[in-house]
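The values are calculated or read from the model by the stated rules, or taken from the named source; none is laboratory data. Nothing here was measured: the structure is a model prediction, and the numbers come from that model. No Cβ is skipped: glycine too gets one built from the backbone with ideal geometry, and neighbour counts run over all protein chains shown. Note: areas computed on protein heavy atoms with side chains; ligands, DNA, RNA excluded. Shrake-Rupley method; radii C 1.70, N 1.55, O 1.52, S 1.80 Å.
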Amino acid sequence: MNKHTVLVTGGAGFIGSHACVELLQAGYGVVVVDNLVNSKAEALSRVERITGKTLPFYQADIRDKPALTEIFAKESIATVMHFAGLKAVGESCEQPLNYYHNNVYGTLVLLEAMRDANVKQMVFSSSATVYQPSATGEYSEDFPLGAINPYGRSKVIIEDILRDVSAVDKIKQNGAPWKIALLRYFNPIGAHECGMIGEDPNGIPNNLMPYVLQVAIGKLRQLSVFGNDYPTPDGTGIRDYIHVVDLVKGHIKAIEAIESDKFKAGGCHAYNLGTGKGYSVLDIVNTFEKVTGRKVNYQFAPRRTGDLAESFANPERAARELDWVAEKNLDDMITDAWNWQVKNPQGYVD
Ligand code: NAD
Ligand code: UFG
């Protein structure tokens, strides 16, 4: 028998598709809404093949209130996992209005539809970029917020909205309270170990791991390592890379917590999802070469504007309150990412 049904916004995307697999395998019903602006429906067919289960898919924009209202009327939704959003930092600086409209306004419309349908449980995809730059590189959840680009600010604004929305019901005792988990991801990479779903970026990748994969497979000539003069042991930027399957397991734990006594009083609670360990760009290149036996051509290039020297999670709150820790190591992340790349050199072909 199914546990309750989860509406997954952005479910055809990189993280959303992995969440659909994990939810279906854990016995939840899954309904997806996605406008496919950065994904393909094929990802959802693969989710169905991996799990042997079907999922209703609505190709719709979360800013389309009538479409959302219809979904909530037709499907018996208990919780929303909200992945839908635009996520490229550089593009957000070029198109701030588009980012605020899609991410912030989209979330407002979704929240209104949830309120109207009396669905008050949400797991939200936030990001490590919500934090102010820290001198040590380590971030705990109570570190001050202060994003430095429109993408990050869209996440801070959404977090503020979610805190306000959940506070009202607490004050007014207005029926069942909102129960919201804000999950702040560090750097998700990797792919499902079967190699059928993974990250399929449009055009030239912005992020390190998909770029490395495309250099190793011969689609791109060489990696530019942005900066070798950071105050880090080898001079290159350090990040907390986390396997996407570990990350989505954190989402299942968040739903379990929302439904337990831990969230009895409702409210909005933030959790870092990271491993707590940092790896430099050169660590990634060297480990990639060791794990795959492929050479990654690279050259040093100037620092990328807006990049931090170092960023890694303090993941203790998620361990303590969600009973979640990341289990996979960097070798696993790279093995699975490479397996996906080799099996799908052109990404998803519809
Ligand atoms: P993705 O682009 O692969 O997935 C996002 C999905 O949302 C896509 O399928 C896209 O088509 C859909 N979408 C976008 N706008 C929509 C709209 N208005 N209506 C309906 N669907 C819409 O990205 P991802 O890497 O899977 O990221 C998922 C979420 O996690 C995003 O909110 C992102 O900001 C957040 N996040 C990602 C990272 C990362 O490094 N990948 C890090 C931190 C946070
Ligand atoms: N890097 C390179 N060359 C590249 C791409 C990246 O050297 O071609 C370096 C960057 O300078 C950085 C590291 O690799 O030091 C990681 O860069 P990514 O672009 O992969 O990731 P970011 O940490 O910059 O940002 C990512 C997502 C954001 C998210 C953030 C925190 O892109 O959306 O992680 O979760 F908010």
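Pairs of Cα atoms in the stretch 129-252 fall into 10 Å distance bins, from 0 up to the last occupied one, in shares of 10, 28, 35, 19, 7, 2 percent. With 21 Å as the limit, the listed pairs 53/262; 87/155; 74/179; 40/290 have 53/262; 74/179; 40/290 beyond it between alpha carbons.
With q set to 0.16, 0.17, 0.19, 0.28 Å⁻¹, the log10 of I(q)/I(0) for the stretch 32-73, from the Debye formula over equal scatterers at the Cα positions, is -0.46, -0.51, -0.61, -0.95. Based on the convex hull around the alpha carbon atoms, the chain presents an average projected area of 16.6 nm². Normalised by the number of residues in the stretch 1-73, the average gap of Cα pairs under 8 Å and 6 or more apart makes the relative contact order 31 percent. You can think of it this way: the chain between residue 193 and residue 51 has 49.8 nm of extra reach, that is 0.36 nm per residue less the Cα-Cα gap. Reported to the nearest whole Å, the Cα centre-to-centre distance from the stretch 1-62 to the stretch 275-350 is 24. Computed over protein heavy atoms with a 1.4 Å probe, the accessible surface of the chain works out to 43 Å² per residue.
Cα-based values for the stretch 138-205, radius of gyration first and Dmax second, are 17.2, 50 Å. Once C-alpha pairs closer than 8 Å and six or more residues apart are averaged by separation and normalised to the residue number of the stretch 223-315, the relative contact order reads 50 percent. Remark: spin-label model distance residue 160-residue 224 equals 3.3 nm, labels positioned 7 Å along the Cα→Cβ axis. Our compactness index for the stretch 78-192, the C-alpha radius of gyration over the empirical 2.2 N^0.38 Å, is 1.12. P(r) tail for the stretch 1-136: Cα pairs beyond 24 Å make up 30% of the total.
One way to sum up the overall shape of the stretch 233-350 is the equivalent ellipsoid from its Cα gyration tensor, whose semi-axes run 32, 19, 13 Å, largest first. Out of the trypsin sites (Lys or Arg not before Pro) in the stretch 1-77, which ones are loop residues according to DSSP with at most 15 other C-beta atoms within 10 Å? Taking the stretch 1-77 and a limit of 15 other Cβ atoms within 10 Å, the loop trypsin sites (Lys or Arg not before Pro) found are 3.
Between residue 327 and residue 297, the modelled labels are 4.0 nm apart [label points 7 Å from Cα along Cα→Cβ]. Dividing the Cα radius of gyration of the stretch 237-288 by its Kirkwood radius returns 1.17 for Rg/Rh. With the convex hull drawn over the C-alpha atoms of the stretch 196-297, the volume per residue is 155 Å³.
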